[in-house]
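Before any comments, here is the structure.
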Amino acid sequence: MAASKKDERGKLGVIRPLGNVECYEFHMLEMGFLGGTIVNCRYTVPASLAAPGLHEHVVAQVEVALARVVLEHPALRLEVTDADTRRPAWVAVDKIDFAHHIRWEDISGEDTSSTVRYGEMLRERIEKLLDEPLVRIAGRPQWRVLLLFKKSAKPFLDIVFVYSHALGDGTSGKIFHQTLLRLLNASASPSTPTCMPPSGEETETETSVPVLTGRVLRIPPTARPLPPPIEKMSRFTLSAKFALSTAWRELRPPGLAPSRSSHAHWAPIRPTPFRTRLRVFDIEPGVLRGILTATRTHKTTVTGLLHALVLVSMAAHIPASDATAFVGATALDLRRHVGAHGPVSDPKRTMANYVSMMGHEYDEDLVCEVREALSSGKHEEDIDGGHGALSPALVGLIWQCAARVRGEIQKRLDQGLKNDVVGLMKLVPDWRAQFRNEASKARPFSFVVTNLGVLDGAGTQPDKDVEENSGGDSPVAEYWTAEHSVFAISTEVCGAAFQVSPITVRGGALCVSCSWQDCVVDVKLGEAIVADLERWLRFLGRS
């Protein structure tokens, strides 16, 4: 990728035009219709680096590992040219100054005496970062990393990765952390140096050291090239019926777009003020195991269950005069349908935009049935148990709806890339005009669930799992691990009004973040939905 070449426009360094999904995301960001995407992970520092006096060694090891991540993923080495045109292009950078991308923050002075207080401090940081502009500056790719640390007896790092959705989808954020964890443990191997060798030799193996001069990473000419966009790697087939009906529904002028009862009229599209509200809660591992058992019993998934719970909560809190039906959406990872192609040997380990979306309609009859069950059944908070009790009738509806959503998702996945909306994106000549058009229509989706699934936080060294301590007593972990993760997405002006973003570190808690646009969704409504989700997940996990 680092090798410069001239494209048909004669610009030095241009790699290729942005793909369809990349262009869609980029123009949303440029118009102020979208903010950043964040995946955070909490890393446990190895025992050998745990002493407060070794913090500088931790900094050195982490930044070397981050440099290796940048070399492994071409998406992190890009800037954009022709940004004010219909089809911008990617340009390779030849160096990255970590001073502009990586910031360490000592939170030792913060009041983090309890898990709740620490969680609120982290939530505030993430909420603020979501809306901080990813300003385009020459030579600086649109991503950054915030590292929160506290010098203590049991040191850990919260590594907050913030990036432009044009560089990669939500799964790309998870891939970033899985790559970082693997490379941290490669660099933690006793045989691996953590500083630049005197010879300055550069290689790209996991046990080599990238070319870091101070905090500046030089990109070698042999760096891995940028993969082609998904539409160049896979074949999207479209039936005439799907293409005509979907294109007409999505691309027609506002004056010809009829109002539908399922549209989110209760949350009209407003480009300003652009401010993301974020709330986060955890479901502890024991309760999560109960939820997973229940979803398997009822032939559904956590994604399907979250759909059902958001639907019930919205039906409870949004008056029937404002909403008689709803449409939810699910983000779909298309990597399962993408094969190895050119520089992409494994799509599941590649940072890119391999994502699509599908909708789920909850019609007037279903919403009416939910509201009747809400009004006639016992669903108020159980004060003694500390969780919301749901009536048997409502529980039955929840599982019925959750199973239906899971079935719809499976049917969609079984179709592969046939009749996928990504295949229609080529019909949009100018996304800027399209977004202005959409901003004058009714909002189609009331909510979206984007589930990143499970992140493997177990860190193992290449040659062994534990080191014995010097006294020969209990084994001491000598590798990095990830113990908790938060996935958060910003407001999307023309997108779903309410966003649910779960992620789990294997063996740990289920972390659910919920976000919405301030002044579009009332904060009391947003917090009521969040409270319902947390209470009801606990109730179903313990039932």
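The values are calculated or read from the model by the stated rules, or taken from the named source; none is laboratory data. Predicted model, so just to flag it, every value in this text is computed and none were measured. Cβ atoms come from the backbone with ideal geometry, glycine included; neighbour counts cover every protein chain shown. Just the protein is used for accessible areas: all its heavy atoms, side chains included, with ligands, DNA and RNA removed. Shrake-Rupley method; radii C 1.70, N 1.55, O 1.52, S 1.80 Å.
Scattering from the C-alpha atoms of the chain alone, worked out with Debye: what is log10 I(q)/I(0) at q = 0.08, 0.09, 0.11 1/Å?
For the chain at q = 0.08, 0.09, 0.11 Å⁻¹, log10 I(q)/I(0) is -0.54, -0.69, -1.03.
Enumerate the amide H contacts of VAL14 below 5 Å, restricted to partners 5 or more residues apart or on another chain; note that Pro and chain-start residues carry no placed amide H.
Under 5 Å from the amide H of VAL14: LYS5, ASP7.
Hey, could you grab the Kirkwood Rh for the range 85-130? Inverse mean 1/r over distinct alpha carbon pairs, Å, one decimal.
14.2 Å
Top to bottom by accessible area (1.4 Å), largest first, where do LYS348, LYS241 land?
Highest to lowest solvent-accessible surface, that is LYS241, LYS348.
Considering only DSSP beta bridges whose two residues both sit in the range 55-162, what percent are antiparallel, to the nearest 5?
Percentage antiparallel, nearest 5: 70.
For the chain, what does -39500 (n - 2.57) per DSSP helix run (n ≥ 4), summed and divided by total residues, give at 222 nm, in deg cm²/dmol to the nearest 500?
-10500 deg cm²/dmol
Solvent-accessible area of THR303, probe 1.4 Å, all protein chains present, reported in Å² to the nearest ten, please.
Roughly 20 Å² of THR303 is accessible to a 1.4 Å probe.
Please quote Rg/Rh for the range 1-129 to two decimal places, taking the Kirkwood radius as Rh and restricting both calculations to Cα atoms.
1.06
Among 427-433, 13-19, 493-499, 222-228, how do they line up from the highest to the lowest mean number of other beta-carbon atoms within 10 Å?
Averaged packing, sorted descending, gives the order 493-499, 13-19, 222-228, 427-433.
Place the peptides 124-136, 54-66 in order of packing, highest mean first, counting for every residue the other Cβ atoms within 10 Å and averaging per peptide.
In descending order of packing, they fall as 54-66, 124-136.
Work out from phi, with θ = phi - 60° and the Karplus expression 6.51 cos²θ - 1.76 cosθ + 1.60, the ³J(HN,Hα) of each residue of the range 364-375, listed in order in whole Hz, and give x for Gly and Pro.
4, 5, 5, 5, 5, 5, 5, 5, 5, 5, 5, 6
Tell me the per residue accessible area of the chain using a 1.4 Å probe; a whole number in Å² is fine.
42 Å²
Could you please put LEU292, LEU525, LEU122 in sequence from largest to smallest accessible area, using a 1.4 Å probe?
Ranking LEU292, LEU525, LEU122 by accessible area, largest first, yields LEU292, LEU525, LEU122.
Taking the Cα centre of each part, how many Å lie between the range 487-508 and the range 256-320?
Centre-to-centre distance over Cα atoms comes out at 10 Å.
Amide H of ILE102 versus every other amide H placed in the peptide plane: which residues, excluding those fewer than 5 positions away on the same chain, fall under 5 Å?
Counting only residues 5 or more places away or on other chains, the set is VAL145.
Taking θ = phi - 60°, what integer Hz values does the Karplus form 6.51 cos²θ - 1.76 cosθ + 1.60 yield along the range 115-130, in sequence order, with x for Gly and Pro?
4, 5, 5, 5, x, 5, 4, 5, 4, 4, 4, 5, 4, 5, 5, 4
Once the whole set of protein chains is in place, how much accessible area is left on SER261, using a 1.4 Å probe, in Å² to the nearest 10?
60 Å²
How would ILE291, ILE137 line up by accessible area, probe 1.4 Å, largest first?
Descending order: ILE137, ILE291.
Given LYS174/LYS426; LYS128/LYS154; LYS151/LYS524; LYS241/LYS348, which pairs have Cα atoms separated by over 30 Å?
Beyond 30 Å between Cα atoms: LYS151/LYS524; LYS241/LYS348.
For the range 519-533, in order, what is each residue's ³J(HN,Hα) by Karplus, 6.51 cos²θ - 1.76 cosθ + 1.60 with θ = phi - 60°, in whole Hz (x at glycine and Pro)?
Going residue by residue, I get 6, 9, 9, 4, 4, 5, 5, x, 5, 5, 5, 4, 4, 4, 4 Hz, with x marking Gly and Pro.
Over the chain, what is the percentage of antiparallel beta bridges among all DSSP beta bridges, to the nearest 5?
Bridges in the chain are about 85 percent antiparallel.
Carbon and sulfur: what percent of the chain's accessible surface (1.4 Å probe)?
53 percent
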